[in-house]
Amino acid sequence: MEVYRAKNLNFTYAGCEKPALQHIDFSVNEGDFVLLFGASGSGKTTLLRLLKQEIAPAGHLSGELTYLGASVRDVPYKTSVAEIGYTAQNPDTQQVSEFVCNELRFLLENLGVSEAEINLRVAETVTFFGTEDLYSRCISTLSGGEKQIVNLQAVFVSNPRVLLLDEPLSQLDPFSCGRFVELLGRISRELGVTVFVAEHNIQPILPLVTKVLYLESGACTAFDSADRFLEAQPSASPVTAIPAALGIPVTSPVPKTIPACRELIKTLPSLPTPALKTETEKQEVALRLSDVSFRYGRDEKDVLNGVSLDLRRGEIFSVVGANGSGKTTLLKVLSGACKPYAGKRKAEVALRVASVPQNPQACFSFDTVLEVLQFAADPPAPKALFHALNSKTPAENIKPLESIKTVAEKLDLSDVLLSNPFDLSSGQQQRVAIARALLQSPDVLLFDEATKGLDSDRKKTLSRLLNDLKEQGKAVLLVTHDLDFAAEVSDRCALLFDGKLALTADNRAFFTQSTVYTSTVARAFSFVPGETRPVSMREVQND
């Protein structure tokens, strides 16, 4: 049965001249697992939102877009709410209750479902997802990844026919990601739910994908299988990018899993041997934690328990760990936003620290990107700031500082300086938050999920920026679930577990010792001895 059809679909946002989507054609059937792939700002989120009328953006829509044979605009509101589930890029924008148990009931209560049926559906959902440990929790205490799982449950309780998921894997650790993808597979296979996923991290879901909509500058190319897509775009996933970089043709059957990639690598007569780093002189410590412990309430469990960490100038340090392990709390303590109840935080005199939060929208206090960046680069005195907020100068009359022009050009933000930051895509918002931090001329930069929403090209840009900062003697700390990116850029890595740093080691030692918290490249080359095993694409390509 055909669920969605688009024919010559075009969409232009209100107040814009350039179309966000143009000449879109596709057909999706019941039970299909559809991947939406493309660069940041290519139109993925716009297309997802058009598939559900109550969250469709304002603007001019032309062409045909149908759901079960009827125009999406004519689908009864209650039908759309019950049958088409949607989870947003930022989980904080979707929750309406204080506690998880109430969040899971909210949709059913508003649909007028009986109390007995609500109890049954909630119980089945929690059991199906295996999240009994989250059921009674306060949502504000959950990590970003845990909130993402709760959001999926909150729409799943209505037994939807369609799930629209916008970057659902971006805040999940490897365990949670694997479990989440396994659940999506069961939802699609066993229940026949049609799933749309807009995602940059496509490797975990490739075995599930039946169709791909590849968006580029608002245009769409439809592929009837993951194989066809990967043959055309081998760099889209590490499991195809690795063989391609080694000169192995990516042809059908295309490797979609790490074991399949590994078998291809084994056919090579010789393997790349990464150059071993020579020991460099250790730089001075910019920021130090000594035996630090922290909890959010007197009677609550320690989130950090005896953590010691030296962050040095001229290095990139990555911290990984499970959702809810305390990584964001560690950043707050490092930045000085949270004060430990035991241990010490010691920083250089007059040390300037800038942070990129997990939710970039927390950085947006103004109506345009230019103003956000202007006030980061040249912060006024409190009285001047108050005056600026209450008697606004039109953004188009503000002359950007040269430093803003330079950073905007590097991060490809020049065309959106006069845009409202809340109107941008997730990846663009992330880049604005990064630009804002860079413009504060910090000595230390703290990133919470720096690559969230960024496509592969933008990650390369960020990698270059981080290395430039390192060369300038800055200290950079990344909290991330993006293990491939951490393997590419880090000098040292640490695993946070049970409130402690379970393992701290240089980049190569970390990714060759770890079996779960390791990179795709290291997994693909797992048959190679650790001392000669590549752990990043940079090493595969001998760059």
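Numbers for the structure displayed
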{"read-out": "Residue, modelled with the lowest pLDDT, within region 41-62, restricted to residues that are more than 15 Å from ASP74 (Cα to Cα) and open to solvent by 20 Å² or more (accessible area, probe 1.4 Å)", "value": "GLY41"}
{"read-out": "Any pair with Cβ under 7 angstrom, 6 or more apart, that starts in region 291-305 at a residue that is without any contact (Cβ under 8 Å) to a residue 12 or more places away in the chain and ends at one that is open to solvent by 40 Å² or more (accessible area, probe 1.4 Å) and of a type in the set (Ser, Thr, Tyr)", "value": "none"}
{"read-out": "Residue identified as without any contact (Cβ under 8 Å) to a residue 24 or more places away in the chain and under 25 Å from LYS18 (Cβ atoms) among ALA56, ALA88, ALA70", "value": "ALA56"}
{"read-out": "Residue in region 217-239 that is outside any strand (DSSP E or B) and over 30 Å from LYS7 (Cα atoms) present", "value": "yes"}
{"read-out": "Which numbered condition LYS282 fails, given (1) over 30 Å from SER335 (Cα atoms); (2) open to solvent by 80 Å² or more (accessible area, probe 1.4 Å); (3) assigned to a loop (DSSP other than H, G, I, E, B)", "value": "(1)"}
{"read-out": "Which listed residue, of ARG262, ARG288, is surrounded by 12 or more Cβ atoms within 10 Å (Cβ to Cβ) and touching an Asp or Glu at 6+ places or on another chain (Cβ under 6 Å)", "value": "ARG288"}
{"read-out": "Residue under evaluation LEU21, criteria (1) open to solvent by 20 Å² or more (accessible area, probe 1.4 Å); (2) more than 18 Å from ARG228 (Cα to Cα), criterion not met", "value": "(1)"}
{"read-out": "Failed condition for ASN159, given (1) over 20 Å from THR328 (Cβ atoms); (2) assigned to a helix (DSSP H, G or I)", "value": "(2)"}
{"read-out": "Among residues of region 449-478, those that are among the charged types (D, E, K, R), in a loop (DSSP other than H, G, I, E, B) and farther than 20 Å from ILE202 by Cβ, counted", "value": "1"}
{"read-out": "Top-ranked residue in region 479-527 [being outside any strand (DSSP E or B), surrounded by fewer than 17 Cβ atoms within 10 Å (Cβ to Cβ) and of a type in the set (A, V, I, L, M, F, W, C); ranked as nearest to the chain's Cα centre (by Cα)]", "value": "VAL516"}
{"read-out": "Test set (1) open to solvent by 50 Å² or more (accessible area, probe 1.4 Å); (2) in a loop (DSSP other than H, G, I, E, B); (3) β-branched (Val, Ile, Thr) - THR127 fails condition number", "value": "(2)"}
{"read-out": "Filter result (part of a helix (DSSP H, G or I) and of a type in the set (Lys, Arg)) within region 323-341", "value": "LYS327, LYS332"}
{"read-out": "Of the criteria (1) modelled with pLDDT under 90; (2) closer than 27 Å to ARG538 by Cβ; (3) among the aromatic types (Phe, Trp, Tyr), which one PHE422 fails", "value": "(2)"}
{"read-out": "Matching residues, region 341-354, being open to solvent by less than 50 Å² (accessible area, probe 1.4 Å) and either aromatic (Phe, Trp, Tyr) or in contact with a helix residue (DSSP H, G or I) (Cβ under 6 Å, 6 or more places away or on another chain) (or both)", "value": "VAL353, ALA354"}
{"read-out": "Some residue of region 342-356 being outside any helix (DSSP H, G or I), within 22 Å of ASP498 (Cβ to Cβ) and out of contact with any Leu (no Cβ under 8 Å at 6 or more places or on another chain)", "value": "yes"}
{"read-out": "Positions within region 1-54 being acidic (Asp, Glu) and more than 19 Å from ILE202 (Cβ to Cβ), in sequence order", "value": "GLU2, GLU17, ASP25, GLU30, GLU54"}
{"read-out": "Residues within region 199-216 that are open to solvent by 20 Å² or more (accessible area, probe 1.4 Å) and either outside any loop (DSSP other than H, G, I, E, B) or in contact with a strand residue (DSSP E or B) (Cβ under 7 Å, 6 or more places away or on another chain) (or both), tallied", "value": "8"}
{"read-out": "Unmet criterion (only one of (1) open to solvent by 10 Å² or more (accessible area, probe 1.4 Å); (2) of a type in the set (A, V, I, L, M); (3) touching a residue at least 24 places away in the same chain (Cβ under 8 Å); (4) under 30 Å from SER176 (Cα atoms)) for ALA337", "value": "(3)"}
{"read-out": "Enumeration of residues in region 14-38 that are modelled with pLDDT of 90 or more and under 21 Å from SER426 (Cα atoms)", "value": "PRO19, ALA20, LEU21, GLN22, VAL34, LEU35, LEU36, PHE37, GLY38"}
{"read-out": "Positions within region 302-314 being in a loop (DSSP other than H, G, I, E, B) and open to solvent by 30 Å² or more (accessible area, probe 1.4 Å), in sequence order", "value": "ASP302, VAL303, ARG313"}
{"read-out": "Pairs, first closer than 21 Å to ARG49 by Cα in region 183-203, second assigned to a helix (DSSP H, G or I) and open to solvent by 10 Å² or more (accessible area, probe 1.4 Å), C-beta under 7 Å, six or more apart", "value": "LEU184/LEU208; SER188/LEU208; VAL195/SER188; ALA198/LYS44; ALA198/THR45; ILE202/ALA236"}
{"read-out": "Flag for PHE317 being open to solvent by less than 30 Å² (accessible area, probe 1.4 Å), touching a Phe, Trp or Tyr at 6+ places or on another chain (Cβ under 6 Å), within 26 Å of SER170 (Cα to Cα) and aromatic (Phe, Trp, Tyr)", "value": "no"}
{"read-out": "Total residues in region 1-18, condition out of contact with any helix residue (DSSP H, G or I) (no Cβ under 9 Å at 6 or more places or on another chain) and within 14 Å of LEU213 (Cα to Cα)", "value": "2"}
{"read-out": "Filter result for the condition that a residue is in a loop (DSSP other than H, G, I, E, B), more than 30 Å from ARG431 (Cα to Cα) and touching a helix residue (DSSP H, G or I) at 6+ places or on another chain (Cβ under 8 Å), over VAL122, VAL96, VAL113", "value": "VAL113"}
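The values are calculated or read from the model by the stated rules, or taken from the named source; none is laboratory data. What you are looking at is a predicted structure, and each value in this text was computed from that prediction instead of being measured. Positions of Cβ are backbone-derived with ideal geometry, glycine not excepted, and every protein chain shown enters the neighbour counts. With ligands, DNA and RNA removed, areas are computed over all heavy atoms of the protein, side chains included. Shrake-Rupley method; radii C 1.70, N 1.55, O 1.52, S 1.80 Å.
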